[in-house]
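The values are calculated or read from the model by the stated rules, or taken from the named source; none is laboratory data. These numbers were taken from a predicted model, which means no experiment stands behind them. Backbone-built Cβ (ideal geometry, glycine too); neighbour counts: all protein chains shown.
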Amino acid sequence: MAKSIISEGKTTNEAIEKGLKELKVSKKMVDIKVLENEDKRSFFSILAPRVVKVELTVKENIKEKQREIPSPKKEINLTEQELEKAAERVEKFIKEIKTELPEDVTYNIEKTSKGLEVSINSKDLGYLIGYRGETLYAMQSILSAIASKGNQNRIRVILDIEGYKAKREKTLEELAEKVAKTVIRTRKPVKLEPMQAYERKIIHSKLQGNPKIETISEGQEPHRRIVISLKK
């Protein structure tokens with residue numbers, strides 16, 4: 001039987017978003033029925049709190065599990081001029097925020113064929129990394145937008161802070177091996193916590209050579225996670 005819930009909000013969109021978050025699915029995976037519309041309000045109820053109710057029903061035969069197979073990306077050859085201007089924009093932004101950071105902060109911007117690699121270092125910048133790198137990835141998106149501003153091609157910026165990504169990669173590889181051994185021993189699949197696409201790729205790559213293990217990704221962003229199980 002299809003799963004259904006009733007969600008409430010001040011607007012239809014708010015009610016739908018709350019329901020999708022609770023079900024952990026995307027909008028295209030549900031049927032939506034508006035039970036109470038915000039427009040249907042009488043004169044006497046105008047001062048009452050506005051509540052919209054919607055019913056969300058997960059569509060049947062939805063295939064949630066998908067292999068993490070990256071789609072081929074078109075190679076873009078950036079010119080030296082594009083990279084130089086992008087680096088100038090990114091450096092200007094970093095200099096502006098540097099006034100709010102510790103005095104010993106240093107940074108480096110390196111131009112590559114695919115974009116820019118930026119590293120920021122100091123003794124204590126954990127608050128710029130955030131839980132599981134959430135703040136770091138948000139800042140990386142901002143830098144990519146700044147680098148690409150006014151440019152026809154998107155310029156990719158890879159940001160690292162205090163060598164976090166190398167440390168995280170090692171941690172994830174160790175986790176992958178540990179969980180794989182557990183799956184082989186118990187013969188039961190294990191679901192990992194939701195991760196960034198970059199982190200999921202590390203897990204997939206680490207275990208792709210294991211003849212007894214397979215890895216798939218399931219769910220929708222930002223709740224997409226890896227399931228490690230025995231090969232059938």
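For this structure, a couple of remarks:
Residue by residue, here is whether (1) assigned to a loop (DSSP other than H, G, I, E, B); (2) surrounded by 12 or more Cβ atoms within 10 Å (Cβ to Cβ); (3) assigned by TED's automatic domain parsing to the domain that holds residue 193; (4) not hydroxyl-bearing (Ser, Thr, Tyr) holds:
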| residue | (1), (2), (3), (4) |
| --- | --- |
| 101 | yes, yes, no, yes |
| 109 | no, yes, no, yes |
| 113 | yes, no, no, no |
| 117 | no, yes, no, yes |
| 120 | no, yes, no, yes |
| 132 | no, yes, no, yes |
| 135 | no, yes, no, no |
| 139 | no, yes, no, yes |
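- Condition check for residue 216: assigned by TED's automatic domain parsing to the domain that holds residue 86 and touching a residue at least 40 places away in the same chain (Cβ under 8 Å): no
- Any chance residue 176 is in the same structural domain as residue 225 (by TED's automatic domain parsing) and surrounded by 15 or more Cβ atoms within 10 Å (Cβ to Cβ): yes
- Residue in segment 58-76 that is more than 30 Å from residue 229 (Cβ to Cβ), surrounded by fewer than 12 Cβ atoms within 10 Å (Cβ to Cβ), within 28 Å of the chain's Cα centre (by Cα) and modelled with pLDDT under 75 present: yes
- Note on segment 2-29: residues that are surrounded by fewer than 14 Cβ atoms within 10 Å (Cβ to Cβ) and in contact (Cβ under 8 Å) with a residue 60 or more places away in the chain total 1.
- Single residue of segment 203-225 satisfying the filter (assigned to a strand (DSSP E or B) and closer than 12 Å to residue 180 by Cα) that is farthest from the chain's Cα centre (by Cα): 213
- Counting residues in segment 182-192 that are over 19 Å from residue 131 (Cα atoms), in a helix (DSSP H, G or I) and touching a residue at least 24 places away in the same chain (Cβ under 8 Å) gives one or more.
- Selection from segment 146-171 of residues that are under 15 Å from residue 114 (Cα atoms) and among the aliphatic types (A, V, I, L, M): 147, 155, 157, 158, 159
- Positions within segment 182-204 being among the charged types (D, E, K, R) and under 17 Å from residue 24 (Cβ atoms), in sequence order: 191, 193, 200
- Answer from 159, 101, 125 - the residue that is among the aliphatic types (A, V, I, L, M) and farther than 27 Å from residue 195 by Cα: 101
- As a summary of the residue check, residue 156 satisfies the conditions (1) surrounded by fewer than 16 Cβ atoms within 10 Å (Cβ to Cβ); (2) of a type in the set (D, E, K, R); (3) not assigned by TED's automatic domain parsing to the domain that holds residue 215 except for the one numbered (1).
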